[in-house]
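Once you've had a glance at the structure underneath, I'll fire off some questions.
The values are calculated or read from the model by the stated rules, or taken from the named source; none is laboratory data. All figures in this text were calculated on a predicted structure; none of them were measured in a lab. Here the Cβ is made from the backbone with ideal geometry for all residues, glycine too, and neighbour counts use every protein chain on show.
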C-alpha cells in the first residue's frame, strides 16, 4: 500500500508563507479531512502533497522517497489530484475525459488498450456518470463535471486520492454519494485527503482531521478530538454544540458569538 506524508512542509509565495511547518500522513485505508477557514492553506497543502507545488521547506514523501526525486509519471500513477474547479476547453465526451486518467500508464502516442477501457468503465460506474459517457462535457452541470473529474482520477487506479472541495458544486443527494464513495475507496485500502468546509460531513465520513489556521497545522487527530468547541471557537470564531443524529451520527450545531465579538 502506498503512503504519503508531509514532513515540516512550508510553501512560500510572493515573500509570504502560505504553509509553514506542516507534518501529517495520508494513510492507506483512511480518509483525512483538511479543514480550516478560507485562506488557511487547505488547497496549497493538497497541491504540495500532489507534487504540483514544490515545498520550499521540508519534504513530501511517497513511500519514504521525496516527490522531488521521482519522475512525474511515477508520481501520477500513485497520486491523483482533483481540483475544486476545472475548465474544459474542448468538446470532449465524458468517456474521453475519463480515459485521460490513463495517460500515466502509457506513452504519449500509444493507443488505448482494453485495460484502459476497462479502467475507464469501472471509474464511470463507480462515480455514477456512466449514463453520461457519450455526452459532451460542455453540456454538463457543475455537479456533473465534478463527478467526471472524480471518475478521471479513479481511472488512474492511483492508491492516493487528493480532493479539493469535492462536494462544493453538488446537491445534497450527490454530495452524500461522493462522500460515501470516498468512504468506500478508503475501505478498499486507498488513502484519501479531502479539503472541505463541511464539518458535519467530516464528523460522519473522516477518520482523521487536520485543522489549519493561517497556514499552520493547529491540531490533527480523530474528529472528536480536533473539532472541539475550543478549537472551533478559536479557528472559526463560532460557538458550537456536539449533537447526535437519529442514526447515531455525530453532528455539530453552530452559533454566532454574542454581539459578534472576536475571540
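Against the definition (in contact (Cβ under 8 Å) with a residue 40 or more places away in the chain and part of a helix (DSSP H, G or I)), how does residue 210 come out, yes or no?
no
Let me spell it out: the conditions are (1) farther than 30 Å from residue 184 by Cα; (2) touching a strand residue (DSSP E or B) at 6+ places or on another chain (Cβ under 7 Å); (3) in contact (Cβ under 8 Å) with a residue 60 or more places away in the chain, and residue 239 meets all of them except one. Which number is the exception?
It fails just one condition, (3).
Here is a follow-up. In the stretch 31-49, what residues are farther than 15 Å from residue 216 by Cβ and either in contact with a helix residue (DSSP H, G or I) (Cβ under 6 Å, 6 or more places away or on another chain) or surrounded by 23 or more Cβ atoms within 10 Å (Cβ to Cβ) (or both)?
Hits for the stretch 31-49 are 31, 32, 33, 46, 49.
Spot the failing condition for residue 232; the list is (1) closer than 29 Å to residue 17 by Cβ; (2) surrounded by 15 or more Cβ atoms within 10 Å (Cβ to Cβ); (3) touching a strand residue (DSSP E or B) at 6+ places or on another chain (Cβ under 9 Å); (4) in the same structural domain as residue 36 (by TED's automatic domain parsing), and only one is missed.
Unmet for residue 232, out of (1) closer than 29 Å to residue 17 by Cβ; (2) surrounded by 15 or more Cβ atoms within 10 Å (Cβ to Cβ); (3) touching a strand residue (DSSP E or B) at 6+ places or on another chain (Cβ under 9 Å); (4) in the same structural domain as residue 36 (by TED's automatic domain parsing): (4).
Which residue, of 199, 192, 185, is touching a helix residue (DSSP H, G or I) at 6+ places or on another chain (Cβ under 7 Å), in the same structural domain as residue 55 (by TED's automatic domain parsing) and surrounded by 15 or more Cβ atoms within 10 Å (Cβ to Cβ)?
Testing whether each residue is touching a helix residue (DSSP H, G or I) at 6+ places or on another chain (Cβ under 7 Å), in the same structural domain as residue 55 (by TED's automatic domain parsing) and surrounded by 15 or more Cβ atoms within 10 Å (Cβ to Cβ) leaves just 192.
Sticking with this one: Quick one: how many residues across the stretch 98-119 are under 19 Å from residue 86 (Cα atoms) and free of Cβ contacts under 8 Å to residues at least 40 places away in the same chain?
Qualifying residue count, the stretch 98-119: 1.
Still on this structure, please answer the following. Among the residues that make up the stretch 74-82, is at least one of them buried (at least 16 other Cβ atoms within 10 Å of the Cβ) and assigned to a loop (DSSP other than H, G, I, E, B)?
no
Let me ask something else. Of all residues in the stretch 89-119, count the ones that are in contact with a strand residue (DSSP E or B) (Cβ under 9 Å, 6 or more places away or on another chain), under 29 Å from residue 53 (Cβ atoms) and in a loop (DSSP other than H, G, I, E, B).
Number of matching residues: 1.
Another question, then. I'm trying to understand the selection: among the residues of the stretch 74-96, which are more than 21 Å from residue 5 (Cβ to Cβ) and over 19 Å from the mean Cα position of the chain (by Cα)?
88, 89, 90, 91, 92, 93, 94, 95, 96, listed by residue number.
Follow-up question, since we're still on this one. Would you point out the residue of the stretch 38-58, among those that are in a loop (DSSP other than H, G, I, E, B) and under 12 Å from residue 195 (Cβ atoms), that is nearest to the chain's Cα centre (by Cα)?
Here the answer is 41.
Filter the stretch 73-87 for residues that are out of contact with any strand residue (DSSP E or B) (no Cβ under 9 Å at 6 or more places or on another chain) and modelled with pLDDT under 90 and give the result.
Those that are out of contact with any strand residue (DSSP E or B) (no Cβ under 9 Å at 6 or more places or on another chain) and modelled with pLDDT under 90: 73, 86, 87.
Another one. On the given criteria, is residue 21 in contact with a strand residue (DSSP E or B) (Cβ under 6 Å, 6 or more places away or on another chain), surrounded by fewer than 17 Cβ atoms within 10 Å (Cβ to Cβ) and either part of a helix (DSSP H, G or I) or modelled with pLDDT of 95 or more (or both)?
Criteria met by residue 21.
Please go through the stretch 120-149 and give me each residue that is touching a residue at least 40 places away in the same chain (Cβ under 8 Å) and either closer than 14 Å to residue 96 by Cα or part of a loop (DSSP other than H, G, I, E, B) (or both), ordered by number.
Within the stretch 120-149, 127, 128, 133, 134, 135, 136, 137, 138, 140, 145, 148, 149 meet the criteria.
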